[in-house]
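**Student:** Quick one: structure below, then a few questions.
The values are calculated or read from the model by the stated rules, or taken from the named source; none is laboratory data. Just so we're clear, the structure is a prediction, and the values are computed from it rather than from any experiment. Reconstructed Cβ throughout: ideal geometry from the backbone, glycine too, with neighbour counts over all protein chains shown. Surface accessibility is based on the protein's heavy atoms, side chains included, excluding ligands, DNA and RNA. Shrake-Rupley method; radii C 1.70, N 1.55, O 1.52, S 1.80 Å.
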Amino acid sequence: MQFAEVVAGGRMIRRYRPDRVADDVLVRLVDTARRAPSAGFAQGQSFVVVTDAHLRARVAELCDEPAEVAAGREPWLSVAPAHVVPCVRVADYERRYAEPDKAGSRGPDGWDVPFWWVDGGAALMLLLLAAVDEGLGAGVLDIADPHGLRALLGIPPDVAPLGLVTVGHPHDAQPPSSATRRPRRALGEQLHWQRWTGPPPG
């Protein structure tokens, strides 16, 4: 699949077939995602993959799926055959920028933007694109109870989960969402050429 096709095929999937996703495929997804850039090549991103049905059900509870179902929405977290929790560790950046070759560099204490979040987002995007490239679907949401998730999955206290990514084979029929009814903004609204007020070329 060409890169443009992968990007065009990306959308949030909230209904999955029950087929399991092979372990080697999930390993490939993470292997791709971990190659995202990181400040100073600190490589502070990590991933927890969950395929056990009991654990997935508990993760779904910690992400408020029961409340969603009670509101009339279909369950999708517990149904997804695989969960991936991308994480970042600030200490990896602090350690990296304390190394001799980074002496004099503006490190984490001087960053206006904490690059671990930027790098975590880059890894998350690669994970989503890798899923499309494998013919899979993926969805993303926040974690309603991050402390509960840490305890459930044994995530260390200095590691920050970024959210939950569901992965699986997309069901042919997807539930309608507000996103599918919203038009994409025009390129000219988001592309600023030379200056913020500069129109794009052409």
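**Student:** Calculate the radius of gyration of the Cα atoms of the chain to one decimal place, then report Dmax, the largest Cα-Cα distance, as a whole number, both in Å.
**Tutor:** When restricted to Cα atoms, the chain yields Rg and Dmax of 19.0, 57 Å.
**Student:** Right, here's the next one. Which whole number in µm²/s is D for the range 77-120 by Stokes-Einstein, with the Kirkwood Rh taken over Cα pairs at 20 °C and 1.002 mPa s?
**Tutor:** 171
**Student:** Could you do me a favour and compute the accessible area per residue for the chain, 1.4 Å probe, result in Å²?
**Tutor:** Dividing the accessible area of the chain by its residue count gives 60 Å².
**Student:** When the accessible area of the chain is split by element with a 1.4 Å probe, what percent falls to carbon and sulfur?
**Tutor:** Here carbon and sulfur together make up 54 percent of the probe-accessible area.
**Student:** His169 accessible area, nearest 10 Å², 1.4 Å probe?
**Tutor:** Its accessible surface works out to 50 Å², give or take rounding.
**Student:** If we restrict to alpha carbons, what Rg and Dmax does the range 91-145 come to, in Å?
**Tutor:** In order Rg, Dmax, the Cα atoms of the range 91-145 give 15.9, 45 Å.
**Student:** What FRET efficiency would be calculated for the residue pair Glu99, Ala151, taking the C-beta separation as r and a Förster radius of 30 Å, to the nearest 0.05?
**Tutor:** 0.35
**Student:** Let me ask something additional. Return the Cα extents of the range 1-114 along principal axes one, two and three, sorted largest first, each rounded to a whole Å.
**Tutor:** 55, 36, 25
**Student:** Ok, one more. Quick one: ranking Val30, Val7 by accessible area, 1.4 Å probe, largest first, what do you get?
**Tutor:** Val7, Val30
**Student:** Quickly work out the Arg184-to-Thr197 label distance, labels modelled 7 Å from Cα along the C-beta direction, and quote it in nm with one decimal.
**Tutor:** Result: 2.9 nm between the two label points.
**Student:** If I take all pairs of Cα atoms in the range 19-86, what percentage of them are more than 19 Å from each other?
**Tutor:** 46
**Student:** Which of these, Ala98, Ala138, Ala123, has the largest mean-square fluctuation under a Gaussian network model of the chain (Cα springs below 10 Å)?
**Tutor:** Sorting by GNM fluctuation, first place goes to Ala98.
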